[in-house]
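Below: the structure, in structure tokens.
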Amino acid sequence: MTQLSKRMLVALLFFSASLTVSFAQENEPKIATDLNTLITKSSSYQNYKVIEKNAIYGFQNSLKSYINQQQEIQTDLNKEIADNKKNIIVLQNQIQELKQTNNVLNEEKASISFLGMLVSKDNYSITMWTLFLVTLAVAGILFYRFKTANAVTSHSKAVLRDLEEEYESYRRVCIEREQSLRRQLFEEAKKNKELKNVS
């Protein structure tokens, strides 16, 4: 964009300079022909040229008009140069604004809005991968702890089952012993009663 505007500016300056040169070349031959005509139409006296006053005044008028014309051309060119300078300044300001806009767009393109902040894509990627790996590690640790706790729970249940079976067998044995002791007691009480009745 910058090179294109510079090229346009250079082309414009060359074009205006070539117009000035061609315009000056068109008017200079008229003055030169007027001067040649003045010299050729004048008469000679010894080594001097005698020129009529009217011819000199005519040449003077055409020279004044040429000078005035050249001054007008110079004024127009100065105005054109001033306008071109203003245009150059405006174009340079626009180029600066476009560069700033381009930098902002490149920065926005190279970053991501994350939680209301602009974060570079590299930082965002690193953050996301870190969060992913930390989450994966936490999930692995929790899975390991679950497996360990599950193994402990299964072992505890097996031990509880064994204890319940042992308790149940002990209770049966105790009940059987108690029942046998009651029978023995009942039989002894019966024998005691019989012995009391016999006596």
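The values are calculated or read from the model by the stated rules, or taken from the named source; none is laboratory data. Given the structure is predicted, the values throughout are model-derived calculations rather than measurements. Note that each Cβ is placed from the backbone with ideal geometry, even for glycine, and that neighbours are counted across all protein chains shown. Just so you know, the surface numbers come from the protein's heavy atoms only, side chains and all, with ligands and any DNA or RNA stripped out. Shrake-Rupley method; radii C 1.70, N 1.55, O 1.52, S 1.80 Å.
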(message) From the phi angles alone, apply the Karplus equation (6.51, -1.76, 1.60; θ = phi - 60°) to region 137-145 and give each ³J(HN,Hα) in whole Hz, x where the residue is Gly or Pro.
(response) 5, 4, 4, x, 4, 5, 5, 4, 5
(request) Could you let me know the centre-to-centre spacing of region 90-125 and region 44-76, using Cα atoms, in angstrom? (result) 66
(request) Give the peptides 61-67, 136-142 in descending order of average Cβ contacts within 10 Å, highest first. (result) 61-67, 136-142
(message) Rounded, prolate or oblate for region 141-199? Axes are the square roots of the Cα gyration tensor eigenvalues, ordered a ≥ b ≥ c, and the cut-off for rounded is a/c under 1.5.
(response) prolate
(request) Would you mind telling me the share, in percent, of accessible area of region 94-199 contributed by carbon and sulfur at probe 1.4 angstrom? (result) 60
(request) For LYS85, list the aspartates and glutamates whose Cα falls under 16 Å from its own Cα; do not include residues on the same chain fewer than 8 positions away. (result) ASP76
(request) Would you tally the net charge around SER154, using a Cβ to Cβ cut-off of less than 11 Å, leaving SER154 out, and scoring K and R as +1, D and E as -1? (result) +3
(message) Can you give me the long-range amide H partners of VAL119? Hydrogens built in the peptide plane at 1.01 Å from N, cutoff under 5 Å, separation of 5 or more residues or another chain.
(response) ILE112, SER113, PHE114
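So how many Å³ per residue does the convex hull of the Cα atoms of region 92-199 work out to?
Enclosed volume per residue, from the Cα hull, is 100 Å³.
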(request) Please label the shape of region 33-167 as rounded, prolate or oblate, based on the square roots a ≥ b ≥ c of the eigenvalues of the alpha-carbon gyration tensor (a/c under 1.5 means rounded; beyond that, a/b larger than b/c means prolate, else oblate). (result) prolate
